[in-house]
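The values are calculated or read from the model by the stated rules, or taken from the named source; none is laboratory data. Keep in mind the model is a prediction, meaning the values are calculated, not measured. Virtual Cβ from ideal backbone geometry, glycine too; neighbours counted across all protein chains shown. Surface accessibility is based on the protein's heavy atoms, side chains included, excluding ligands, DNA and RNA. Shrake-Rupley method; radii C 1.70, N 1.55, O 1.52, S 1.80 Å.
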Amino acid sequence: MISDVIVTKAISERFFEKFHSALELDAAVVGAGPSGLVAACYLARAGKRVAVFESKLSTGGGIWGGGMLMNEIVVRDDALDILRDFGITYREYGEGYYTADAVHTASALAYRATEAGAIVINACSVEDVLFMEGRVAGVVILWTPVVSAGLHVDPLSVAATTVLDATGHASEVVHVTVRKMEVELNTETGAIMGERSMWAERGEQAVIEHTGEVFPGLYVAGMAAAAVHGGHRMGPIFGGMLISGKKVAGQILASLDGDDAEDTADRDAIAAAR
Ligand code: 48H
């Protein structure tokens, strides 16, 4: 005999256990694309309280479609250690290029992040930040279907010592912070510089170089780093996204743990940040 009510109780109780443990975080990651999931995984492996808020039902962001819906991605050899660390199978294409199945990659990133203890709250949009004492102090969330339906429903808040904007091209968290608080960012101009046209070589470099804190408490990784700092886009090559996710995890760990970071945090992630 299956009790329908027990099914309902099991789901709601277990969900709220998860939800309650996502209310006070070391790191709130916004966006479950490749950079966000890699960052969340390394932060969780280092024992940090981390949750990923993803507006869509599915995690993986822009990976699934590969290039122009051909579901393979390309990485260069500098990101192979991350693929291996996540148990992602890849094949050499030649001349330092490697390919991986997009569906396999998207699945593995979500699997490893959640296995490490990162909580993923999906179908949940970040629409604002908590802003206190001159710094970003958390995120303001609302269910995506509520947003889509245009219902007049107030959101809820999550406190976080650090917030990572991993929302891709849109860099939504940085945009809302600048729009509402008129803050000056740690970019060349102090403003959001906007993404530049395609140039894979430069784009890959820029996304890694510009990964980091743009305002106290607020970090950017992945395509959001390119968009905020005026980097080129790079098309369906994903190594930069993975390296950026690992780098920002190291930066956040170093900021959370201060001088003790080397003792408590994932050494690889911290090394990647340097
Ligand atoms: C919650 C949100 C919100 C919000 C958006 O786009 P992504 O895959 O991000 P990255 O930066 O990890 O990877 C970028 C890559 O996929 C890509 O687009 C590349 C390499 N492009 C190159 C090119 O030339 O085009 O994932 C971002 C995620 C998505 O899943 C969104 O749904 C989610 O963030 N998101 N989640 N609240 N306000 N906004």
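Things to note:
- Summing charges over neighbours of H175, with a neighbour being any other residue whose Cβ is under 13 Å away from its Cβ, gives -4 when K and R count +1 and D and E count -1.
- Of all lysines in the structure, those lying under 27 Å Cα to Cα from K9, and not within fewer than 8 positions of it along the same chain, are K18, K56.
- Solvent-accessible surface of protein heavy atoms, probed at 1.4 angstrom with all chains present, puts V183, V139, V7 in the order V7, V183, V139, largest first.
- Positive contributions from Lys and Arg (+1) and negative ones from Asp and Glu (-1), summed over other residues with Cβ under 9 Å from the Cβ of A160, come out at -1.
- Heavy-atom accessible surface of region 4-273: percent carbon and sulfur, 1.4 Å: 52
- Cα radius of gyration and Dmax for region 17-77 (Å): 13.8, 40
- Computed across region 4-273, the Kirkwood hydrodynamic radius from all distinct Cα-Cα pairs reaches 18.5 Å.
- The chain: most fluctuating residue of E24, E115, E95 per GNM, C-alpha cutoff 10 Å: E95
- Per residue, the accessible area of the chain comes to 49 Å², computed with a 1.4 Å probe over protein heavy atoms only.
- Span-rule helices in the chain, defined as complete DSSP H runs reaching 30 Å or more along the axis (Cα) with Kyte mean at least 1.6: none
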